[in-house]
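This report refers to the structure that appears directly beneath it.
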Amino acid sequence: MPVTNAASGTNVHEIADGLYRINTPVALPGGLGFSFNQYLVVDEEPLLFHTGPRRMFPLVREAVASVMPVARLRHIAFSHVEADECGSLNEWLAAAPQAAPLCGSVAAMVSIGDLADRPPRALADGETARLGRGGVTWLDAPHCPHGWECGFAFETRTKTLLCGDLFTQPGGGTEPVTEQDVLGPSEAFRKQMDYFAHGPDTAGLIAKLAATRPALMACMHGSAWRGDGARLLAALGDALES
Ligand SMILES: [Fe+2]
Ligand SMILES: [Fe+2]
């Protein structure tokens, strides 16, 4: 396994052409394993989705540097405003002088325009940012699973939904990509710790995500998942309603 830090176990895998998953396993109180993933899209304008928590920055920087020079990064993107999503945003902006935050319009207006050391590029719902060979289409998803500013990015070239906290699985996420069931483990985890806001339009937002017909789901916690993403999202929608 391409481990980039022996002490933390941080590792990097190319899970689709030019799409790298950076994984750091962590131990939670009580002995439960958990993991934090970031995704690096290498294109003419490279993009990092999720910065990782601020204290994890040296590990994630080391992992990105194993793939390409960190200073090449142009977009630091994330789903919503939380430490694991964007806690080290300013450290990345300092390390990559040409990079800017990339997020939804609510995140830009409410938080990132103030928190970030450089102004964000805000994407409207359905707007695509060109990266080169591919691009990312922003999908607003307020309060799904949480955060008014929440949204996701669909990478058009690899048909990957950068799906943040959706399908959060416990454990170290040692398998970079799985085709096995992730809904069962993530629903079992959600039953213990329900991180969904259960907003009024959750079903509609899940259906909007499913309409992108993703072939790969880039989860922040646990393994990424390859398969019929529309079907998986529909099953999540059913589970949330039951
Ligand atoms: Fe979150
Ligand atoms: Fe998260």
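Computed from the coordinates by the stated procedures, all read-outs in this text should not be read as laboratory data. Here the structure is a predicted model, which means the values were calculated and not measured. In this analysis, Cβ positions are derived from the backbone assuming ideal geometry, glycine residues included, and neighbour counts consider all displayed protein chains.
Can you name the residue in the range 54-86 that is within 16 Å of ligand 1 (Cβ to nearest atom), surrounded by fewer than 20 Cβ atoms within 10 Å (Cβ to Cβ) and charged (D, E, K, R) and, of all such residues, is farthest from the chain's Cα centre (by Cα)?
Filtering first and then ranking leaves Arg54.
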Within the range 90-104, restricting to residues that are within 10 Å of Leu48 (Cβ to Cβ) and touching a strand residue (DSSP E or B) at 6+ places or on another chain (Cβ under 7 Å), the one that is farthest from ligand 2 (Cβ to nearest atom) is Ala99
Since Met193 meets every condition but one in (1) away from ligand 1 (no atom under 16 Å from the Cβ); (2) exposed (fewer than 15 other Cβ atoms within 10 Å of the Cβ), which condition does it not meet?
(1)
Can you work out which of the residues in the range 87-99 that are assigned to a loop (DSSP other than H, G, I, E, B) and surrounded by 19 or more Cβ atoms within 10 Å (Cβ to Cβ) is nearest to ligand 1 (Cβ to nearest atom)?
Gly87
Among (1) β-branched (Val, Ile, Thr); (2) crowded, with 20+ Cβ neighbours inside 10 Å; (3) free of Cβ contacts under 8 Å to residues at least 40 places away in the same chain, the one test that Thr51 misses
(3)
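Is one or more of the residues making up the range 148-161 away from ligand 1 (no atom under 16 Å from the Cβ), in contact with a helix residue (DSSP H, G or I) (Cβ under 7 Å, 6 or more places away or on another chain) and assigned to a loop (DSSP other than H, G, I, E, B)? Give the steps one after another, and end with the answer.
Narrowing the range 148-161 to residues away from ligand 1 (no atom under 16 Å from the Cβ): 154-160.
Narrowing the set further to residues that are in contact with a helix residue (DSSP H, G or I) (Cβ under 7 Å, 6 or more places away or on another chain) leaves none.
No; the residues of the range 148-161 include none that is away from ligand 1 (no atom under 16 Å from the Cβ), in contact with a helix residue (DSSP H, G or I) (Cβ under 7 Å, 6 or more places away or on another chain) and assigned to a loop (DSSP other than H, G, I, E, B).
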When you go through Pro101, Pro29 one by one, which is the residue that is of a type outside the set (A, V, I, L, M, F, W, C) and free of Cβ contacts under 8 Å to residues at least 24 places away in the same chain?
Pro29
Members of the range 200-223 that are more than 13 Å from Cys144 (Cα to Cα) and touching a Phe, Trp or Tyr at 6+ places or on another chain (Cβ under 8 Å):
Thr212, Pro214, Leu216, Met217, Ala218, Cys219, Met220, His221, Gly222
Members of the range 201-226 found to be away from ligand 1 (no atom under 16 Å from the Cβ), touching a Ser or Thr at 6+ places or on another chain (Cβ under 9 Å) and either over 18 Å from Lys159 (Cβ atoms) or not in a strand (DSSP E or B) (or both), listed by number:
Thr212, Pro214, Ala215, Ser223
Give just the number: which of (1) loosely packed, with under 15 Cβ neighbours inside 10 Å; (2) away from ligand 1 (no atom under 16 Å from the Cβ) does His198 not satisfy?
(2)
